[in-house]
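Since the structure comes first, as C-alpha coordinates, the remarks are kept for the end.
The values are calculated or read from the model by the stated rules, or taken from the named source; none is laboratory data. Note that this is a predicted model, so its numbers are computed, not measured. Because the Cβ atoms are built from the backbone with ideal geometry, glycine has one as well, and the counts that use them run over all protein chains shown. With ligands, DNA and RNA removed, areas are computed over all heavy atoms of the protein, side chains included. Shrake-Rupley method; radii C 1.70, N 1.55, O 1.52, S 1.80 Å.
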Amino acid sequence: RKHERPAVAMLPAPATAIVPFVSADGKTALTGLVSFPPRFDPAKKYPVLFDVYGGPERSDVSLAYQPYRALTELGFLVVQAETRGAVGRGAAFRDAGYTHLGITEIDDFAAFAKKLGEFPYVDSSKVAIFGTSYGGYASLMALLRYPDVFQAASSSSPPTDWRNYDSIYTERFMGLPKDQKAAYDAGNVLTYAGNLKGALQLYF
(Lines give C-alpha, C1' and ligand atoms only; values in the text may rest on other atoms or scores of the structure.)
Protein backbone atom coordinates (compact mmCIF):
# COMPACT_ATOMS: atom_id res chain seq x y z
CA ARG A 1 0.00 0.00 0.00
CA LYS A 2 1.36 3.42 -1.03
CA HIS A 3 2.30 5.69 1.86
CA GLU A 4 0.72 9.07 1.37
CA ARG A 5 2.00 12.22 2.99
CA PRO A 6 -0.60 14.51 4.54
CA ALA A 7 -1.28 17.75 2.71
CA VAL A 8 0.64 20.76 4.06
CA ALA A 9 -1.18 24.08 4.17
CA MET A 10 0.82 26.81 2.44
CA LEU A 11 1.03 30.20 4.07
CA PRO A 12 -0.34 32.93 1.81
CA ALA A 13 2.27 35.47 0.77
CA PRO A 14 1.54 38.87 2.33
CA ALA A 15 0.35 41.57 0.00
CA THR A 16 3.05 44.05 -0.97
CA ALA A 17 2.40 47.58 -2.15
CA ILE A 18 4.68 49.89 -4.11
CA VAL A 19 4.68 53.33 -2.48
CA PRO A 20 6.31 56.25 -4.34
CA PHE A 21 7.82 59.04 -2.28
CA VAL A 22 10.12 62.03 -2.66
CA SER A 23 13.65 61.97 -1.29
CA ALA A 24 14.88 64.32 1.40
CA ASP A 25 16.24 66.68 -1.27
CA GLY A 26 12.61 67.45 -2.13
CA LYS A 27 12.92 66.57 -5.82
CA THR A 28 14.11 63.00 -6.43
CA ALA A 29 11.41 60.37 -6.98
CA LEU A 30 12.03 57.21 -4.98
CA THR A 31 10.23 53.92 -4.41
CA GLY A 32 9.28 52.16 -1.19
CA LEU A 33 7.78 48.73 -0.57
CA VAL A 34 5.30 47.82 2.16
CA SER A 35 4.48 44.19 3.03
CA PHE A 36 1.24 43.86 4.96
CA PRO A 37 0.44 41.48 7.82
CA PRO A 38 -1.91 38.56 7.18
CA ARG A 39 -5.56 39.53 7.69
CA PHE A 40 -4.62 43.19 7.31
CA ASP A 41 -7.38 45.52 8.47
CA PRO A 42 -7.05 49.10 7.15
CA ALA A 43 -9.22 50.31 10.03
CA LYS A 44 -6.48 49.37 12.51
CA LYS A 45 -3.08 50.95 13.15
CA TYR A 46 0.08 48.90 12.67
CA PRO A 47 3.69 49.33 13.81
CA VAL A 48 6.32 49.75 11.09
CA LEU A 49 9.54 47.77 10.76
CA PHE A 50 12.22 49.01 8.35
CA ASP A 51 14.42 46.22 6.96
CA VAL A 52 17.54 48.04 5.76
CA TYR A 53 21.01 47.75 4.34
CA GLY A 54 21.42 51.22 2.89
CA GLY A 55 25.01 50.96 1.76
CA PRO A 56 26.38 52.83 -1.26
CA GLU A 57 25.92 51.47 -4.78
CA ARG A 58 23.24 49.04 -3.67
CA SER A 59 19.46 49.44 -3.51
CA ASP A 60 17.27 48.01 -0.77
CA VAL A 61 14.33 47.88 -3.20
CA SER A 62 13.81 45.30 -5.91
CA LEU A 63 10.64 45.00 -7.94
CA ALA A 64 11.45 41.37 -8.70
CA TYR A 65 9.75 38.51 -6.86
CA GLN A 66 10.03 38.89 -3.09
CA PRO A 67 10.12 35.88 -0.76
CA TYR A 68 7.64 35.51 2.05
CA ARG A 69 8.16 38.17 4.73
CA ALA A 70 7.75 36.11 7.88
CA LEU A 71 8.05 39.18 10.12
CA THR A 72 4.65 40.30 8.91
CA GLU A 73 3.25 37.37 10.93
CA LEU A 74 4.14 39.37 14.05
CA GLY A 75 1.82 42.19 13.01
CA PHE A 76 4.33 44.58 11.46
CA LEU A 77 4.17 46.54 8.26
CA VAL A 78 7.60 45.46 6.96
CA VAL A 79 9.06 48.11 4.68
CA GLN A 80 12.05 48.80 2.47
CA ALA A 81 13.02 52.06 0.84
CA GLU A 82 15.11 53.12 -2.12
CA THR A 83 17.72 55.74 -1.27
CA ARG A 84 20.00 58.04 -3.22
CA GLY A 85 23.53 56.70 -3.57
CA ALA A 86 22.48 53.45 -5.26
CA VAL A 87 23.43 52.40 -8.77
CA GLY A 88 21.22 51.95 -11.81
CA ARG A 89 19.87 55.50 -12.08
CA GLY A 90 22.82 57.50 -13.36
CA ALA A 91 25.93 59.16 -11.96
CA ALA A 92 24.21 62.04 -10.16
CA PHE A 93 21.92 59.65 -8.27
CA ARG A 94 24.85 57.43 -7.29
CA ASP A 95 27.12 60.33 -6.35
CA ALA A 96 24.54 61.86 -3.99
CA GLY A 97 25.95 59.53 -1.34
CA TYR A 98 29.62 60.28 -2.01
CA THR A 99 31.30 61.66 1.14
CA HIS A 100 27.87 61.48 2.80
CA LEU A 101 27.70 57.97 4.28
CA GLY A 102 25.21 58.02 7.13
CA ILE A 103 23.60 61.21 5.85
CA THR A 104 21.96 60.92 2.43
CA GLU A 105 20.51 57.42 2.80
CA ILE A 106 19.35 58.08 6.37
CA ASP A 107 17.60 61.26 5.29
CA ASP A 108 15.75 59.23 2.65
CA PHE A 109 14.77 56.49 5.12
CA ALA A 110 13.32 59.22 7.32
CA ALA A 111 11.52 60.75 4.32
CA PHE A 112 9.85 57.41 3.64
CA ALA A 113 8.88 57.01 7.29
CA LYS A 114 7.22 60.43 7.16
CA LYS A 115 5.44 59.48 3.94
CA LEU A 116 4.08 56.33 5.58
CA GLY A 117 2.71 58.48 8.38
CA GLU A 118 0.20 59.89 5.89
CA PHE A 119 -1.61 56.53 5.78
CA PRO A 120 -4.30 56.07 8.45
CA TYR A 121 -3.29 52.47 9.19
CA VAL A 122 0.31 53.42 10.10
CA ASP A 123 1.20 53.96 13.77
CA SER A 124 3.90 56.62 13.52
CA SER A 125 4.61 56.30 17.24
CA LYS A 126 5.92 52.75 16.63
CA VAL A 127 8.51 52.86 13.86
CA ALA A 128 11.52 50.56 14.23
CA ILE A 129 14.51 49.80 12.01
CA PHE A 130 16.95 46.89 11.85
CA GLY A 131 19.89 45.64 9.80
CA THR A 132 23.32 44.01 9.82
CA SER A 133 26.74 45.40 8.89
CA TYR A 134 25.99 48.60 6.94
CA GLY A 135 22.36 47.96 7.83
CA GLY A 136 23.35 47.97 11.49
CA TYR A 137 25.13 51.28 10.98
CA ALA A 138 22.13 52.72 9.13
CA SER A 139 19.83 51.59 11.94
CA LEU A 140 21.99 53.35 14.53
CA MET A 141 22.20 56.53 12.49
CA ALA A 142 18.46 56.58 11.85
CA LEU A 143 17.65 56.19 15.54
CA LEU A 144 20.18 58.86 16.58
CA ARG A 145 19.74 61.39 13.77
CA TYR A 146 15.94 61.12 13.67
CA PRO A 147 14.88 60.33 17.25
CA ASP A 148 11.41 61.75 16.63
CA VAL A 149 10.84 59.51 13.59
CA PHE A 150 12.34 56.17 14.70
CA GLN A 151 11.49 54.86 18.16
CA ALA A 152 13.54 51.63 18.18
CA ALA A 153 16.48 50.03 16.38
CA SER A 154 18.20 46.66 16.31
CA SER A 155 21.77 47.07 15.10
CA SER A 156 23.92 44.03 14.29
CA SER A 157 27.68 44.24 13.64
CA PRO A 158 27.77 47.93 12.68
CA PRO A 159 30.78 50.04 11.80
CA THR A 160 30.47 53.18 13.90
CA ASP A 161 33.36 55.42 12.78
CA TRP A 162 34.58 55.14 9.18
CA ARG A 163 38.10 56.07 10.27
CA ASN A 164 38.30 52.65 11.93
CA TYR A 165 36.87 50.62 9.04
CA ASP A 166 38.43 48.93 6.03
CA SER A 167 40.11 51.73 4.08
CA ILE A 168 39.69 49.94 0.72
CA TYR A 169 35.92 50.18 1.19
CA THR A 170 35.65 53.47 3.04
CA GLU A 171 37.93 55.68 0.98
CA ARG A 172 36.11 54.78 -2.24
CA PHE A 173 33.03 56.52 -0.88
CA MET A 174 34.37 58.99 1.68
CA GLY A 175 37.74 60.10 0.35
CA LEU A 176 40.78 60.34 2.63
CA PRO A 177 40.21 61.18 6.31
CA LYS A 178 42.77 63.99 6.17
CA ASP A 179 40.87 65.60 3.29
CA GLN A 180 37.31 64.95 4.48
CA LYS A 181 37.34 65.52 8.24
CA ALA A 182 33.88 67.11 8.31
CA ALA A 183 32.39 64.22 6.32
CA TYR A 184 33.95 61.62 8.62
CA ASP A 185 32.72 63.51 11.68
CA ALA A 186 29.21 63.73 10.23
CA GLY A 187 29.20 59.98 9.50
CA ASN A 188 30.45 59.03 12.97
CA VAL A 189 27.75 57.42 15.15
CA LEU A 190 29.30 58.90 18.30
CA THR A 191 28.66 62.42 16.99
CA TYR A 192 24.94 61.83 17.68
CA ALA A 193 25.11 59.54 20.73
CA GLY A 194 23.60 62.22 22.96
CA ASN A 195 20.41 62.13 20.89
CA LEU A 196 19.48 58.61 21.96
CA LYS A 197 15.84 58.49 23.08
CA GLY A 198 14.44 55.27 21.69
CA ALA A 199 15.03 51.60 22.45
CA LEU A 200 18.32 50.23 21.07
CA GLN A 201 19.46 46.63 20.72
CA LEU A 202 23.15 46.53 19.82
CA TYR A 203 24.98 43.26 19.17
CA PHE A 204 28.05 42.00 17.32
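Brief remarks on what is shown
- Rounded to the nearest 20 debye, dipole of the stretch 123-204 from Cβ charges on Lys, Arg, Asp, Glu: 60 debye
- Residue by residue, the stretch 63-78 carries 3J(HN,Hα) couplings of 8, 6, 3, 10, x, 4, 9, 4, 5, 5, 4, 8, x, 8, 7, 9 Hz when phi is fed to the Karplus relation 6.51 cos²θ - 1.76 cosθ + 1.60 (θ = phi - 60°); x denotes Gly or Pro.
- Accessible area of residue 40 (1.4 Å probe, protein heavy atoms only, ligands and nucleic acids ignored): about 60 Å².
- Here the dipole of the chain is about 560 debye; that uses its Cα centre as origin and unit charges on the Cβ of Lys and Arg (positive) and Asp and Glu (negative).
- For residue 202, the residues 5 or more places off, or on other chains, whose built amide H falls under 5 Å of its own are 155.
- Ranked by the mean number of other Cβ atoms within 10 Å per residue, highest first, peptides 114-120, 148-154 order as 148-154, 114-120.
- Where only alpha carbons of the chain are counted, the Rg and the Dmax (Å): 18.6, 77
- The protection proxy used here, the mean number of other Cβ atoms lying within 10 Å of each residue, ranks peptides 70-82, 24-36, 170-182, 133-145 as follows, highest first: 133-145, 70-82, 24-36, 170-182.
- Projecting the Cα atoms of 173, 187, 83 onto the dipole axis of the chain, where Lys and Arg carry +1 and Asp and Glu carry -1 at the beta carbon, places 83 farthest toward the positive end.
- DSSP-defined beta bridges in the chain - what % are antiparallel, rounded to 5: 40 percent
- The C-alpha atoms of the chain define a longest principal axis, and helix 104-116 lies at about 40 degrees to it.
- Oblate is the label for the stretch 92-161. Its Cα gyration tensor axes, ordered a ≥ b ≥ c, give a/c of at least 1.5 and b/c at or above a/b.
- 3J(HN,Hα) along the stretch 141-149, derived from phi through the Karplus expression 6.51 cos²θ - 1.76 cosθ + 1.60 where θ = phi - 60°, amounts to 5, 5, 5, 7, 7, 10, x, 8, 10 Hz, with x in place of Gly and Pro.
- On the principal axes of its alpha-carbon atoms, the stretch 45-92 has extents of 39, 21, 16 Å, going from largest to smallest.
- Within the chain, helix-based [θ] at 222 nm, where runs of 4 or more DSSP H residues each add -39,500 (n - 2.57), nearest 500: -6000 deg cm²/dmol
- Accessible carbon and sulfur surface of the stretch 55-141 relative to its total accessible area, %, 1.4 Å: 56 percent
- Note on the chain: lysine pairs with Cα distance below 20 Å, sequence gap of 8 or more or different chains, count 12.
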